[in-house]
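The values are calculated or read from the model by the stated rules, or taken from the named source; none is laboratory data. Keep in mind that this is a model prediction, so the values were computed, not measured. Here the Cβ positions follow ideal geometry from the backbone for every residue, glycine too, while neighbour counts run over all protein chains shown. Note: areas computed on protein heavy atoms with side chains; ligands, DNA, RNA excluded. Shrake-Rupley method; radii C 1.70, N 1.55, O 1.52, S 1.80 Å.
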Amino acid sequence: MTRKMKLDPNVCYVIGVFSCNSKEDRIGITSNKGEFIEKFISISVKDLKVPPNKITISEEGRWTKVFYYHSKIRKNFGRVLERRSNIFRWRNDYSSNYIAGIFDCCGGFDKKGIYMKALDLANMQLISNLGFHTQDKGGKSYLSNPRQFIIFIADHSVIAESIIHSSGNERDLR
């Protein structure tokens, strides 16, 4: 039997990232955002104790793939995801990091607003229970209250930080 994983906010961030890709047998990301890639690698090495030589990094055009295989971590992440509605039900550093991981992995913004793509039902319900309601439009879940959402994840999300900087101010968000 594997030992239970000790959760901390940084680990919750990687679990959020993993929840977007949990159908794969590896833990990883594909991105063109250097800060996101650096954060994922840093947490994996420092907090999850993944040996750096076990992390595979490959370039495919403008995209970078970063992943590793670790069955114990994957199994523990699966256990956390089974209980996510209980673990992340309060607005705290754990849930804001988890949601920030999801947003950095599959979120963004366009002229219609701030969205997340391909949310599974459990994550959609969790986000709603935290008070951030979404509306589905063409495969994207747009946030009804984006300003509060960005404020909630801003300290932990690379993408949210870039949204704030591109708009010039948190108040300018829709």
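Annotations
- Among the residues of the range 88-137, those identified as touching a Phe, Trp or Tyr at 6+ places or on another chain (Cβ under 8 Å) and aliphatic (A, V, I, L, M) are ILE99, ALA100, ILE114, MET116, LEU126, LEU130.
- Test for GLY113: is it on the phi > 0 side of the Ramachandran plot and among the small types (Gly, Ala, Ser): yes
- Residue count for the range 116-137, restricted to those that are open to solvent by less than 30 Å² (accessible area, probe 1.4 Å) and either of a type in the set (Lys, Arg) or in a strand (DSSP E or B) (or both): 1
- Criterion (in a helix (DSSP H, G or I) and under 20 Å from ALA160 (Cβ atoms)) met by exactly one of ILE73, ILE41: ILE41
- Within the range 44-53, the set of residues being surrounded by 17 or more Cβ atoms within 10 Å (Cβ to Cβ) and part of a helix (DSSP H, G or I) comprises just one member, SER44.
- Of the criteria (1) more than 19 Å from ILE151 (Cα to Cα); (2) assigned to a helix (DSSP H, G or I); (3) open to solvent by 30 Å² or more (accessible area, probe 1.4 Å), which one LYS65 fails: (2)
- Against the list (1) open to solvent by 50 Å² or more (accessible area, probe 1.4 Å); (2) closer than 21 Å to GLY107 by Cα, the condition THR56 fails is (2).
- Counted residues, the range 12-38 - those being in a helix (DSSP H, G or I), under 20 Å from ARG83 (Cα atoms) and either without any contact (Cβ under 8 Å) to a residue 60 or more places away in the chain or in contact with a strand residue (DSSP E or B) (Cβ under 8 Å, 6 or more places away or on another chain) (or both): 3
- Any hit, the range 101-108, residues being over 15 Å from the mean Cα position of the chain (by Cα) and either among the charged types (D, E, K, R) or open to solvent by 20 Å² or more (accessible area, probe 1.4 Å) (or both): no
- SER95 being closer than 25 Å to ASN129 by Cβ, modelled with pLDDT of 95 or more and either part of a strand (DSSP E or B) or open to solvent by less than 60 Å² (accessible area, probe 1.4 Å) (or both): yes
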